[in-house]
Amino acid sequence: MSAISIGCWTCRVRHKKCDITTPFCRECSDRNVHCHGYGPKPAWMDGASEEKKERARIKLAINQHVRRVRKMQNRAKRRTSPPQGLKEMQPADSQVNASTALDTGDSNLVQDTSLESVDRPSSQDGIFDPQAACLLMHYLDQVFPWQFPYFRSTSRLGNRGWLLYLLMKRGPLYHAVLSLSSLHQSAILGSEEEYQQKEKALEHHSRALREFCKFMSEERGKLLDDNARLAEFLACSLILISCEVFRGAEHNWLLHLDAVICVIHSLSPETVFDARYTSHAGSSVLSHNRPKEGLEFLLATMVSLDLFACLPTGRVPRLLYQQWLRTSEIQVADLLSCENWVMVIIGDLACLGEWKEVQEKDGMLSISELARRGEEIKERLTMGIEKLVLTRDAQENHEAQTSWVTLLFALACVVLLHTIVSGPLPALPEIQSAVSRSIIALQNRPRTYSLTGLVWALFSGSDISSIVIILSLHFD
């Protein structure tokens with residue numbers, strides 16, 4: 001019997017019935033607890049200390065969710081409480097115990113009262129009610145630039161009209177964006193306002209997960225045949241990943257990324273961008289009569305996230321990154337100001353590190369073969385960096401920013417390459433040279449260039465790059 005026929009690993013360890021919804025079950029999403037999915041048995045399920053720790057984490061997450069639900073119910077009750085004289089007319093058993101309802105699978109509990117009020121426009125004057133409109137504008141003005149600090153509306157990726165179109169559909173993406181926007185606001189407001197915004201974020205996040213599960217159950221078979229539905233799925237997944245990252249979740253975001261990867265595995269650049277592969281007539285915003293900026297934007301983002309995930313997780317790229325990054329429609333520089341050739345090397349370095357680890361484990365590591373593979377990557381890095389330096393003075397403003405960001409990513413790759421081949425040796429001349437050049441680049445950074453998009457480049461050299469981080473913060 002397969003794991004998916006039994007249930008997700010979270011439900012199995014909790015001894016709960018799982019509805020085996022993909023990418024995550026409703027039993028977990030309704031309780032805002034990490035669903036460990038249906039893949040191979042997790043390493044923490046060892047029947048010993050690690051499994052005990054994970055059980056404790058799951059229990060804590062559920063208890064915290066129950067407390068939040070109770071607070072929301074109490075606040076809603078205070079807002080809608082009838083006069084004292086009418087209270088005596090209400091039956092005594094009308095109150096619902098939050099923990100009991102959650103444990104018996106009452107997934108509609110959080111939807112009651114306050115969530116319904118944020119779902120529907122308060123009037124017919126516009127598409128969004130005033131509160132939702134404010135959150136959406138906060139996302140577009142403040143959160144989106146945090147996610148993509150180097151994005152330019154004048155680039156080939158367009159002006160985000162595709163994003164507004166998808167938001168106007170008021171599906172799972174809409175609620176996910178409201179959740180992320182509320183989370184972002186909670187970080188810059190006072191204590192009471194912070195609590196209110198986190199409460200709103202939880203409401204919208206719970207609704208987004210439910211809507212997303214419903215969307216996947218209804219639309220999963222259509223994703224590969226309709227670019228508009230595919231774009232909505234990718235956009236919602238991206239926002240849910242950002243929510244988990246913003247909340248400081250260690251691994252929850254990987255669940256959403258892996259769900260995206262499963263879908264993209266069934267695609268290819270030819271099937272997505274071929275003129276014959278178009279959306280249905282009702283979704284013309286992403287069809288053949290307009291450039292597919294939305295899909296280009298989202299696929300470039302997901303391929304990049306798959307590559308950036310390799311370093312913190314120790315895994316190799318799950319996508320065919322070389323195939324995607326060699327198509328003209330996917331230009332990461334338009335999104336992250338890092339040229340495709342460096343992104344390819346990031347993936348190659350992850351594969352090299354994994355190859356070395358496997359060979360060492362099997363006692364079969366050939367030092368000469370390791371050096372040969374490393375030298376091939378080093379030659380590409382050297383040629384690319386030299387080209388960046390030669391063309392730097394003759395570039396336009398946005399091209400100069402792309403060269404600057406690409407250079408920092410390339411230098412980080414140099415550090416990572418020599419760390420893989422020779423080990424983490426700070427005194428290694430090649431590593432010292434790359435770090436020194438990174439420091440000089442940061443010292444000469446124009447004030448208009450953001451550091452927000454350089455997290456991978458600054459951290460990829462481990463302790464060595466910490467020096468760069470400290471200096472970069474000083475010069476900011």
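The values are calculated or read from the model by the stated rules, or taken from the named source; none is laboratory data. Quick caveat, the model's predicted, so the values are computed rather than measured. Note that we place each Cβ from the backbone using ideal geometry, even for glycine, and neighbour counts take in every protein chain shown.
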With Leu381, Leu425, Leu390 as the choices, which residue is at pLDDT 95 or above and over 30 Å from Phe246 (Cβ atoms)? Leu381
Scan segment 348-361 and give yes if some residue there is assigned to a helix (DSSP H, G or I), within 19 Å of the chain's Cα centre (by Cα) and in contact (Cβ under 8 Å) with a residue 24 or more places away in the chain, otherwise no. no
For residues that are in contact (Cβ under 8 Å) with a residue 60 or more places away in the chain and within 26 Å of Ser304 (Cα to Cα), tally how many sit in segment 199-211. 2
Of those in segment 399-419 that are within 23 Å of the chain's Cα centre (by Cα) and of a type in the set (Ser, Thr, Tyr), the residue modelled with the lowest pLDDT is Thr402
Based on what the data block shows, is Arg55 under 24 Å from Cys262 (Cβ atoms), touching a residue at least 24 places away in the same chain (Cβ under 8 Å) and not assigned by TED's automatic domain parsing to the domain that holds Thr313? no
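Per-residue answers, yes or no, for (1) of a type in the set (Asp, Glu); (2) in the same structural domain as His251 (by TED's automatic domain parsing); (3) surrounded by fewer than 18 Cβ atoms within 10 Å (Cβ to Cβ):
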residue	(1), (2), (3)
Leu319	no, yes, no
Gln323	no, yes, yes
Ile330	no, yes, no
Glu354	yes, no, yes
Glu357	yes, no, yes
Glu360	yes, no, yes
All helices (runs of 4 or more DSSP H) inside segment 367-461 with 1 or more residues being charged (D, E, K, R), in the same structural domain as Ala350 (by TED's automatic domain parsing) and surrounded by fewer than 20 Cβ atoms within 10 Å (Cβ to Cβ): 367-391, 397-422, 429-443
